[in-house]
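The values are calculated or read from the model by the stated rules, or taken from the named source; none is laboratory data. Being a predicted model, the structure only gives us computed values, none of them experimental. Reconstructed Cβ throughout: ideal geometry from the backbone, glycine too, with neighbour counts over all protein chains shown. Surface areas here come from the heavy atoms of the whole protein model, side chains and all, with no ligands, DNA or RNA. Shrake-Rupley method; radii C 1.70, N 1.55, O 1.52, S 1.80 Å.
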Amino acid sequence: MNKDKPVAEPWLGDVLDEVLRQFNPCRECPSANHVRGANLPGQLAITETLETLVSLLFPGCHGRNPESDATLSGASLRLRLASVGTTLRYQIERVKAFDCTSAKGDCTGCKDCKAFAEHAVAEFLRQLPALRSVLHEDIQAAYEGDPAARSTMEVVMSYPGLYAIAVHRIAHTLFALGVPLIPRVMSEHAHARTGIDIHPGASIGSGFFIDHGTGVVIGETCSIGRHVKLYQGVTLGALSFQKDENGNLVKGIKRHPDVEDNVVIYAGATILGGNTRIGHDSVIGGNVWLIRSVPPFSKVYNRQPEPEIRTQAQ
Amino acid sequence: MNKDKPVAEPWLGDVLDEVLRQFNPCRECPSANHVRGANLPGQLAITETLETLVSLLFPGCHGRNPESDATLSGASLRLRLASVGTTLRYQIERVKAFDCTSAKGDCTGCKDCKAFAEHAVAEFLRQLPALRSVLHEDIQAAYEGDPAARSTMEVVMSYPGLYAIAVHRIAHTLFALGVPLIPRVMSEHAHARTGIDIHPGASIGSGFFIDHGTGVVIGETCSIGRHVKLYQGVTLGALSFQKDENGNLVKGIKRHPDVEDNVVIYAGATILGGNTRIGHDSVIGGNVWLIRSVPPFSKVYNRQPEPEIRTQAQ
Amino acid sequence: MNKDKPVAEPWLGDVLDEVLRQFNPCRECPSANHVRGANLPGQLAITETLETLVSLLFPGCHGRNPESDATLSGASLRLRLASVGTTLRYQIERVKAFDCTSAKGDCTGCKDCKAFAEHAVAEFLRQLPALRSVLHEDIQAAYEGDPAARSTMEVVMSYPGLYAIAVHRIAHTLFALGVPLIPRVMSEHAHARTGIDIHPGASIGSGFFIDHGTGVVIGETCSIGRHVKLYQGVTLGALSFQKDENGNLVKGIKRHPDVEDNVVIYAGATILGGNTRIGHDSVIGGNVWLIRSVPPFSKVYNRQPEPEIRTQAQ
């Protein structure tokens, strides 16, 4: 028996030979997580780290098993922090080493990637208690801002907006520390679960609440103040993309709006452009299309199109 | 070795001490599922109960393993009903005990929570056969209402609108029996999977069909008749929130529309307000914004804005 | 002890008897995956096959474990292809046998279903290398089309638009081979994860990119050219449904638009109707509502409603 050819049903055998000839290993192609021996952590590995972090911030809320005094403190908590810190360090080192290998051809024995990862994780963990405090303000904002909310625990255990901002605060902290790829995979995991698409680069103040949330898009260079409230389908996006002399998009420039404190933006509103600034304490109505700045305390409403109503007498 | 300090890599050790000092156990804070010894069932525990109920209503459709005559009836079915009933009773008792502990400081030995849970589960199970019959009408409505539907099994196994209404009918039945928290966690699980956000309080008649569905929002105090059809992005929402003398939102009042029998609402329409009533056999066009009632047999259309078309000759 | 009555807690026993009398086995009803001994593969079984196919196209990207040279080629790759081919053949045979049993009452010993399944899987596997090449163009289009994209690996590992088009290309290939049900279950799995709803019947050219994506709907009879770019909330849908003399919807006729090469369609645009054709190199602006054809090189914009801005001096 040819050891290179594991047994397959007869109808399948010939097809496999044919497919294998064309489906050759694709080590350097854009669809394989594999470059000269270096691998990125897979999507599922990253989202498991994310869920562990979420379970430290909201113990007992999202999983299957209850927490007790013993598991929430002391040696037990220390062990959980150490464990997730070690995993995260390993994953960050790998994304750095992948970039390093792509750029330099080899990263074997490179100490920069490891040092970067240790520094990033240490800083991230140091910021975790403050991050949790900010989330407490987000929970309170959701509870106060939604007449349907029965309790703060209902907010934590079921509101997609709270989950999305929790993941964003984790991802944004890693993004600000210069960690590649991982923050974006985390954000898109929240996007998949909630329909809320917040780029990890966006900066968002405390007491933030998104109600319903499906279809919300918040771009990379947005800056949002404190106590801002959004509804489903709101876009804070780019107006147009700048291209360089070769016709390629310029990356990294400011292209999304700023939203100041205490602003409410109702469902389906679209606010575009890096020079657009919504002054504090403003209200933006449903379905508004806005591509310029408004001063503080503005109320911006669509003249909603009056629908045509034909009633058929019976 | 200090038993309170499990081994961590040296780079991590000092950071952990620093973080632990601030990240002290947060037993009474809004982010921990833990109040004086009582715990709510976690999100995942609740959604597993939900999936078990779904698999009783649609046997063999959503899982991995086929069903047979033997597993669909008799002792086997009885065992499955007993098992999910017991789990649900335990979960309902815990949400009641959590509320009870929050309010009274202690619920040890309290028999009200247990009695409430037993009564709720018994009533819920009694309503399950009727609930399944209503879902059969929903399946038929989807099959008849979508030219792309090949078979009723395709509807059951793949249509997000059918999954969303199935979960809603389960959650609404529990909500109507006064069960806290659990219905909302179930609804938001369906929201996460489908992009369809139906508050468990909403009342919805048989033969209901949502096509595509992403972005649909149906508020808590909506009342929807029989044979209603919605498309993606429809909002049945609140127009404004009433506040009490202290500036807090008033909870529990009627604030979402009523939709009568045989109404069709096309994609992106927004219908708002607790006094808004859509008369039976009406059609609401795409993107319509409607904040007042219309009589039966109305046809409501947007004068769609005529787009500006510039064509560049080549 | 009555062996037909497994033990249940006393409070539950009487209820179970009552429920079981009405909740009798529902073998022929529209909610049970069971017809005269034949079963469709369950939703989860199908999506697991899908994920295996995705992991062959993007090795190491979506899972937990890294790939190496050894696992990406030779005997290992052959084994994986043989394994997924065998599973898929079994699942396709079952969906054919279910239809066969529904139509003819019995499919025992029928060889057509097995032959169909073997042919479909062989053809599908033959097309897999070309399918992967097309996805490489999709990856490149996403990287070039989004200023926020840092690398092609970020696109593969996190972009919902790339995941949605990968699943679509798998589902569409099976759909074109006449496989029932399975393609639709696959498409709706991608819809659940991404908010992007592409019917497996739609035909889509290479270099396709959907940014953000939540709320996108692409209908069954759409035809889309090469290098087309869509944003969130775009609908390519039907204008109205044709009914036969009995008032039932006519299935299978052309009812969705055609979009030619190099078209960009911005967020929230709605394009409807089987006779609507968007000429190549056109740009359709945000929120445009379009129900007729436009020639090549058109620029179609909404006269966006000028919002009313009231500013309260402080």
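Would you confirm whether or not segment C:10-31 contains a residue that is in a loop (DSSP other than H, G, I, E, B), within 32 Å of the chain's Cα centre (by Cα) and either crowded, with 21+ Cβ neighbours inside 10 Å or within 14 Å of chain A (Cβ to nearest Cβ) (or both)?
Yes, segment C:10-31 contains a residue that is in a loop (DSSP other than H, G, I, E, B), within 32 Å of the chain's Cα centre (by Cα) and either crowded, with 21+ Cβ neighbours inside 10 Å or within 14 Å of chain A (Cβ to nearest Cβ) (or both).
Which residue pairs have Cβ atoms closer than 9 Å, lie 6 or more positions apart in sequence or on different chains, and pair a first residue in segment A:278-290 that is more than 7 Å from chain C (Cβ to nearest Cβ) and open to solvent by 30 Å² or more (accessible area, probe 1.4 Å) with a second residue that is modelled with pLDDT under 95 and in a loop (DSSP other than H, G, I, E, B)?
These pairs meet every condition: A:281/C:312; A:281/C:314; A:287/A:302; A:287/A:304; A:287/B:287; A:287/C:287; A:287/C:305.
Rundown of residues vs (1) open to solvent by less than 10 Å² (accessible area, probe 1.4 Å); (2) within 13 Å of chain A (Cβ to nearest Cβ), yes/no style:
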position: C:73; (1), (2): no, yes
position: C:85; (1), (2): yes, yes
position: C:90; (1), (2): no, yes
position: C:102; (1), (2): no, no
position: C:114; (1), (2): no, yes
position: C:120; (1), (2): yes, yes
position: C:127; (1), (2): no, yes
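Residue B:135: buried (at least 20 other Cβ atoms within 10 Å of the Cβ), over 22 Å from residue B:203 (Cα atoms), touching a residue at least 12 places away in the same chain (Cβ under 8 Å) and within 11 Å of chain C (Cβ to nearest Cβ), yes or no? Give the derivation first.
Details: buried (at least 20 other Cβ atoms within 10 Å of the Cβ): yes; over 22 Å from residue B:203 (Cα atoms): no; touching a residue at least 12 places away in the same chain (Cβ under 8 Å): yes; within 11 Å of chain C (Cβ to nearest Cβ): yes.
No, not satisfied.
Assess whether residue B:273 counts as being within 14 Å of chain C (Cβ to nearest Cβ), out of contact with any Ser or Thr (no Cβ under 6 Å at 6 or more places or on another chain) and among the small types (Gly, Ala, Ser).
No; evaluated as a whole, the condition is false for this residue.
Being modelled with pLDDT of 90 or more and either among the charged types (D, E, K, R) or open to solvent by 50 Å² or more (accessible area, probe 1.4 Å) (or both) narrows it down to one residue among B:299, B:251; which is it? Break it down stepwise before answering.
Working: B:251 fails: modelled with pLDDT of 90 or more.
Checking each option against the conditions leaves just B:299.
Look at segment A:166-186 and say how many of its residues are within 16 Å of residue C:148 (Cα to Cα) and open to solvent by 10 Å² or more (accessible area, probe 1.4 Å).
7
Checking the conditions here, which among A:307, A:257 is over 30 Å from residue B:265 (Cα atoms) and open to solvent by less than 50 Å² (accessible area, probe 1.4 Å)? Show your work before the answer.
Details: A:307 fails: over 30 Å from residue B:265 (Cα atoms).
Every option except A:257 fails the conditions.
Counting only residues that are among the polar types (S, T, N, Q) and closer than 24 Å to residue A:121 by Cβ, which one in segment B:1-38 is modelled with the lowest pLDDT? Show your work before the answer.
Residues of segment B:1-38 among the polar types (S, T, N, Q): B:2, B:22, B:24, B:31, B:33.
Filter again for closer than 24 Å to residue A:121 by Cβ, leaving B:2, B:22, B:24, B:31.
Values: B:2: 46, B:22: 85, B:24: 70, B:31: 80.
Here the residue is B:2.
How many residues, within segment C:184-201, are more than 8 Å from every other protein chain (Cβ to nearest Cβ) and either in contact with a Gly (Cβ under 7 Å, 6 or more places away or on another chain) or not aliphatic (A, V, I, L, M) (or both)? Spell out the reasoning first.
First, the residues of segment C:184-201 that are more than 8 Å from every other protein chain (Cβ to nearest Cβ): C:186, C:189-190, C:196, C:198, C:200.
Of the ones still in play, those that are also either in contact with a Gly (Cβ under 7 Å, 6 or more places away or on another chain) or not aliphatic (A, V, I, L, M) (or both) are C:189, C:196, C:200.
Residues that pass the stated criteria total 3.
Could we say that residue C:106 is out of contact with any Pro (no Cβ under 8 Å at 6 or more places or on another chain), at pLDDT below 90 and in a loop (DSSP other than H, G, I, E, B) here? If you could, list the steps in order and put the result at the bottom.
Values: out of contact with any Pro (no Cβ under 8 Å at 6 or more places or on another chain): yes; at pLDDT below 90: yes; in a loop (DSSP other than H, G, I, E, B): yes.
It is true that residue C:106 is out of contact with any Pro (no Cβ under 8 Å at 6 or more places or on another chain), at pLDDT below 90 and in a loop (DSSP other than H, G, I, E, B).
Search segment A:230-248 for residues being of a type in the set (A, V, I, L, M, F, W, C) and at pLDDT 80 or above, and hand back the single one that is farthest from the chain's Cα centre (by Cα). Can you show your working first?
Within segment A:230-248, the first condition is being of a type in the set (A, V, I, L, M, F, W, C), and the residues that meet it are A:230, A:234, A:236, A:238-239, A:241.
If we keep only those that are at pLDDT 80 or above too, we end up with A:230, A:234, A:236, A:238-239.
Numbers: A:230: 17, A:234: 16, A:236: 15, A:238: 18, A:239: 21 Å.
This residue is A:239.
Residue pairs, Cβ under 6 Å, 6 or more apart or interchain, first in segment C:35-56 and open to solvent by 50 Å² or more (accessible area, probe 1.4 Å), second β-branched (Val, Ile, Thr). List them.
C:36/C:101; C:52/C:84
Filter segment B:138-152 for residues that are in contact with a Leu (Cβ under 8 Å, 6 or more places away or on another chain) and without any contact (Cβ under 8 Å) to a residue 12 or more places away in the chain; which is nearest to residue B:46 (Cα to Cα)? Steps first, please.
Of segment B:138-152, the ones in contact with a Leu (Cβ under 8 Å, 6 or more places away or on another chain) are B:138-139, B:142, B:144-147, B:150-151.
Of the ones still in play, those that are also without any contact (Cβ under 8 Å) to a residue 12 or more places away in the chain are B:144, B:147, B:150-151.
Numbers: B:144: 33, B:147: 35, B:150: 33, B:151: 31 Å.
Per the stated criteria, the residue is B:151.
Which condition number in (1) open to solvent by less than 10 Å² (accessible area, probe 1.4 Å); (2) more than 9 Å from every other protein chain (Cβ to nearest Cβ) is the one that residue A:147 fails?
Here residue A:147 clears every test but (2).
Quick one: residue A:155 ticks every box in (1) in contact with a Phe, Trp or Tyr (Cβ under 6 Å, 6 or more places away or on another chain); (2) open to solvent by 10 Å² or more (accessible area, probe 1.4 Å) except a single one, so which number is it?
Here residue A:155 meets the rest and fails (2).
On the basis of being part of a helix (DSSP H, G or I), surrounded by fewer than 22 Cβ atoms within 10 Å (Cβ to Cβ) and touching a residue at least 12 places away in the same chain (Cβ under 8 Å), does residue B:163 make the cut? It would help to see each step written out before you state the result.
Working: part of a helix (DSSP H, G or I): yes; surrounded by fewer than 22 Cβ atoms within 10 Å (Cβ to Cβ): no; touching a residue at least 12 places away in the same chain (Cβ under 8 Å): yes.
Criteria not met by residue B:163.
Looking at segment C:200-248, which of its residues are open to solvent by 30 Å² or more (accessible area, probe 1.4 Å) and assigned to a strand (DSSP E or B)?
Selection gives C:203, C:223, C:229, C:243.
Name the residues in segment B:266-306 that are within 24 Å of the chain's Cα centre (by Cα), closer than 22 Å to residue C:288 by Cα and not in a loop (DSSP other than H, G, I, E, B), would you?
First pass over segment B:266-306, keeping only residues within 24 Å of the chain's Cα centre (by Cα): B:266-278.
Checking which are closer than 22 Å to residue C:288 by Cα leaves us with B:266-271.
Once the filter is applied, which keeps residues that are within 24 Å of the chain's Cα centre (by Cα), closer than 22 Å to residue C:288 by Cα and not in a loop (DSSP other than H, G, I, E, B), segment B:266-306 yields B:270, B:271.
Quick one: what pairs do we get from segment A:301-313, first residue within 7 Å of chain B (Cβ to nearest Cβ), second of a type in the set (Ser, Thr, Tyr) and surrounded by 16 or more Cβ atoms within 10 Å (Cβ to Cβ), C-beta under 6 Å, 6+ apart or different chains?
Here the result reads A:308/B:301; A:309/B:298; A:311/B:298, each pair linking segment A:301-313 to a residue that is of a type in the set (Ser, Thr, Tyr) and surrounded by 16 or more Cβ atoms within 10 Å (Cβ to Cβ).
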